[in-house]
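Some notes on the structure that comes next.
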Amino acid sequence: MSKKLAKDSVTTASIEEQTAAFLKSGGAIDYIVKGKSGQILPTGAKPVSPKKT
């Protein structure tokens, strides 16, 4: 027998409610310009791995 996992259905109303609750609790939403990554890149030199001979 195969068991099917039940997926939570996400509706527009639930997303709006979650967003409103997040903002009400003091959360903030940052706008990221199109084409810019939201990742923070580490600064400094890249690690060098020695070559195997």
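The values are calculated or read from the model by the stated rules, or taken from the named source; none is laboratory data. Just so it is clear, the model here is predicted, and its values are computed rather than measured. All Cβ positions, even for glycine, are placed from backbone atoms using ideal geometry, and neighbour counts span all protein chains on display.
Brief remarks on what is shown
- Here K51, K34, K24, K46 are screened, and the one residue that is under 19 Å from the mean Cα position of the chain (by Cα) and of a type outside the set (V, I, T) is K34.
- Every condition in (1) over 15 Å from the mean Cα position of the chain (by Cα); (2) at pLDDT 75 or above holds for T19 except the one numbered (1).
- Close pairs (6 angstrom Cβ cut-off, 6 or more residues apart or separate chains): among the β-branched types (V, I, T) in region 9-37, exposed (fewer than 10 other Cβ atoms within 10 Å of the Cβ) anywhere: I32/G38
- Check on S2, loosely packed, with under 10 Cβ neighbours inside 10 Å, of a type outside the set (A, V, I, L, M) and modelled with pLDDT under 70: yes
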